[in-house]
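To start, the structure under review is shown below, and the notes come after it.
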Amino acid sequence: MSNSKSSCLSVALNFLSRRPMTCFTIKNKLAKKGFGTEEIECTVNRLIEWKYIDDRSFSLSLIKSKREKQSPQKIIFDLMKSGVGQELIDELMEEYYPDELEYKNCLTLAHKLCAEEERKWKRKCQKNEDLPINESEFIVARKIKDKLIFRGYRPSMANSVVAQLFTKENY
């Protein structure tokens, strides 16, 4: 093993000592450090052989750690940014982030947003008496739906959650 390959390997191990990474991320970081393509491929292959790099484990860990607080689209974006393949993303998301969990997370976030938006609306109404108080539910619902979509939930999911939220609150 040449000195530069050893150096490339030690740099890669140093990266991995801080946090888990995908093959794509390691390759990019090593390329930025000025290592050649052949050195990088040799190093990455050795790390895969030693099981120091495993895109599947990385992806699964990320999904499990973020699935309670983030929308599927946000997690998919993070995985794609890390260089994980679309097939692997689809497979793991289907298995570890079911629609029921997405709905539950979306509803939980909607409850938090509802309390926040209702407080904001009441303050606005107190400051400006010309605001129509009877339209508050419609305005609050629209703002919640927009925020859910902005956070990565599907529009159909946001609509259904907001409909359920305001149906339950009225009865």
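The values are calculated or read from the model by the stated rules, or taken from the named source; none is laboratory data. A quick note: this is a predicted structure, and the numbers were derived from the prediction, not measured. FYI the Cβ positions are ideal-geometry reconstructions off the backbone, even for glycines, and counts take in every protein chain you see. With ligands, DNA and RNA removed, areas are computed over all heavy atoms of the protein, side chains included. Shrake-Rupley method; radii C 1.70, N 1.55, O 1.52, S 1.80 Å.
Here are the numbers for this structure:
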item: Over the chain: helical MRE at 222 nm, DSSP H runs n ≥ 4 each giving -39500 (n - 2.57), nearest 500; result: -25000 deg cm²/dmol
item: Estimated inter-spin distance, Leu88 and Ile48, nm [label 7 Å along Cα→Cβ]; result: 0.9 nm
item: Dipole-positive endmost among Leu148, Leu101, Leu62 within the range 46-171 (Cβ charges, Cα centre); result: Leu148
item: Range in the chain, longest, excluding exposed GluC sites (Glu not before Pro) [loop by DSSP; at most 12 other beta-carbon atoms within 10 Å]; result: 1-67
item: Contact order relative to length of the range 13-171, as percent, for alpha carbon pairs under 8 angstrom and 6 or more apart; result: 22 percent
item: Estimated inter-spin distance, Asn159 and Lys112, nm [label 7 Å along Cα→Cβ]; result: 2.6 nm
item: Phe77 accessible area, assembled protein chains, probe 1.4 Å, Å²; result: 120 Å²
item: GNM top mover of Gly36, Gly85, Gly152 - the chain, alpha-carbon springs below 10 Å; result: Gly36
item: Per-residue HN-Hα couplings for the range 21-33 [Karplus 6.51, -1.76, 1.60; θ = phi - 60°; Hz; x = Gly/Pro]; result: 9, 8, 4, 4, 5, 4, 4, 5, 5, 5, 5, 5, 7
item: Whole-percent carbon and sulfur share, accessible surface of the chain, 1.4 Å; result: 52 percent
item: Along each principal axis, Cα extent of the range 1-110, largest first, Å; result: 56, 21, 19
item: Viscosity 1.306 mPa s, 10 °C: Kirkwood-radius Stokes-Einstein D of the range 69-117 over Cα pairs, µm²/s; result: 134 µm²/s
item: Residue-span extension gain [Lys124 to Leu101] - 0.36 nm each, minus C-alpha spacing; result: 4.9 nm
item: Hz values of 3J(HN,Hα) by residue in the range 43-56 - Karplus curve (6.51, -1.76, 1.60), Gly and Pro given as x; result: 5, 5, 4, 5, 5, 5, 4, 7, 6, 7, 10, 8, 4, 5
item: Set of lysines with alpha-carbon distance to Lys143 below 30 Å, sequence-local pairs under 8 removed; result: Lys64, Lys66, Lys69, Lys74, Lys81, Lys104, Lys112, Lys120, Lys122, Lys124, Lys127, Lys168
item: Under the Karplus curve 6.51 cos²θ - 1.76 cosθ + 1.60, θ = phi - 60°, whole-Hz ³J(HN,Hα) for the range 101-107, x wherever Gly or Pro sits; result: 5, 4, 4, 4, 5, 5, 5
